[in-house]
Amino acid sequence: MEPTLAVIDIDIFAGQDEAVREGLLENLANSETECITPLWVNWLRERADFRVVCLVHDLMRFDDFLVDVIRAVPGVRGTAAQLAFDGSVRCDALMDLPLQNSVWDRRAAATVTVKSQPGRDREVYQALTHLPPHQQVEVVWVVKLYHSTDADLQVLLLGERTTALTGYVMSWIRTLPGVVDTQLTSVLDWQVIGATEDFIALAQRFAERNPARRARRPETRDS
């Protein structure tokens with residue numbers, strides 16, 4: 001079976017932020033299972049306190065990973081996981097993610113969950129995978145979450161500044177025919193765990209189909 005992309009949101013008790021952060025990173029570093037490949041950890045505020053993104057090579061072992069590595073950290077209040085079995089990852093933008101570990105090269109980042117109108121799902125997905133280029137925004141991926149109760153699709157964005165990401169969502173994503181609603185979550189911190197070959201494996205697993213030409217252009221609908 002091909003690997004599955006898992007996005008795990010972690011809610012923590014107030015006042016235990018740093019303790020959970022240290023315990024979580026330690027557990028991920030010491031995890032010896034070959035069935036799960038952690039890619040990165042985000043520090044969030046809008047929806048959850050932390051987010052772990054990983055490739056799951058054996059779904060039968062995913063529950064053990066959640067229980068033994070994530071939920072076992074003292075201070076964790078709860079978890080919610082979303083699994084993506086299909087989608088499109090842009091390799092060139094994905095390779096910029098390891099730079100997020102550097103305070104000098106770190107860029108603004110956000111995830112956008114999208115609710116699509118039933119019956120127009122394929123239309124919305126195709127439109128999201130062909131979003132127009134922007135001078136200050138890159139689309140890293142569009143993945144499908146149709147089995148989730150919270151969203152149907154997720155878009156990961158990188159940008160030069162947070163306002164550019166917000167403007168891009170308002171101008172280009174929320175205006176797409178068939179989009180019912182969106183929610184943007186800003187990333188405040190970034191800890192990359194995966195190796196270069198892990199990011200390559202992610203790009204190959206969710207390879208773009210018929211990638212469009214994306215030369216950046218200076219003119220945009222938002223600022």
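The values are calculated or read from the model by the stated rules, or taken from the named source; none is laboratory data. Source: prediction; values computed, not measured. Quick reminder, even Gly has a Cβ in these numbers, built from the backbone with ideal geometry, and neighbours come from all protein chains shown.
Quick notes on this one:
- For the stretch 203-223, taking the residues that are among the basic types (Lys, Arg) and under 19 Å from Tyr168 (Cα atoms), the one that is modelled with the lowest pLDDT is identified as Arg217.
- Considering residues of the stretch 13-36 that are farther than 15 Å from Ala81 by Cα and among the β-branched types (Val, Ile, Thr) only, the residue surrounded by the most Cβ atoms within 10 Å (Cβ to Cβ): Val20
- Filter result (free of Cβ contacts under 8 Å to residues at least 40 places away in the same chain and charged (D, E, K, R)) within the stretch 148-167: Asp152
- Residue check, Asp64 under 18 Å from the mean Cα position of the chain (by Cα), among the acidic types (Asp, Glu), over 17 Å from Asp198 (Cα atoms) and outside the structural domain of Asp121 (by TED's automatic domain parsing): no
- Residues (out of contact with any strand residue (DSSP E or B) (no Cβ under 8 Å at 6 or more places or on another chain), touching a residue at least 24 places away in the same chain (Cβ under 8 Å) and more than 22 Å from Ser102 (Cα to Cα)) located in the stretch 28-46: Thr33
- Qualifying residue in the stretch 49-64 (condition: free of Cβ contacts under 8 Å to residues at least 40 places away in the same chain, under 28 Å from Asp86 (Cβ atoms) and in contact with a Ser or Thr (Cβ under 9 Å, 6 or more places away or on another chain)): yes
- Note on the stretch 105-127: residues that are under 15 Å from the mean Cα position of the chain (by Cα) and within 15 Å of Leu158 (Cα to Cα) total 7.
- Test: residue in the stretch 14-36 that is in the same structural domain as Arg106 (by TED's automatic domain parsing), in contact with a helix residue (DSSP H, G or I) (Cβ under 6 Å, 6 or more places away or on another chain) and at pLDDT below 95: no
- Meets criteria (under 15 Å from the mean Cα position of the chain (by Cα) and within 22 Å of Arg209 (Cβ to Cβ)) for Phe50: no
- Within the option set Ser88, Ser171, Ser102, being buried (at least 20 other Cβ atoms within 10 Å of the Cβ) and either more than 15 Å from the chain's Cα centre (by Cα) or modelled with pLDDT of 90 or more (or both) holds for one residue only, Ser88.
- Test for Ala93: is it touching a residue at least 24 places away in the same chain (Cβ under 8 Å) and surrounded by 20 or more Cβ atoms within 10 Å (Cβ to Cβ): no
- Subset of the stretch 148-166 [touching a Ser or Thr at 6+ places or on another chain (Cβ under 6 Å) and more than 23 Å from Trp40 (Cβ to Cβ)]: Asp152
- As for the stretch 194-202, it holds no residue that is at pLDDT 90 or above, within 19 Å of Leu94 (Cα to Cα) and assigned by TED's automatic domain parsing to the domain that holds Gln117.
- The conditions of being surrounded by 14 or more Cβ atoms within 10 Å (Cβ to Cβ), farther than 20 Å from Leu165 by Cβ and basic (Lys, Arg) are met by Arg71.
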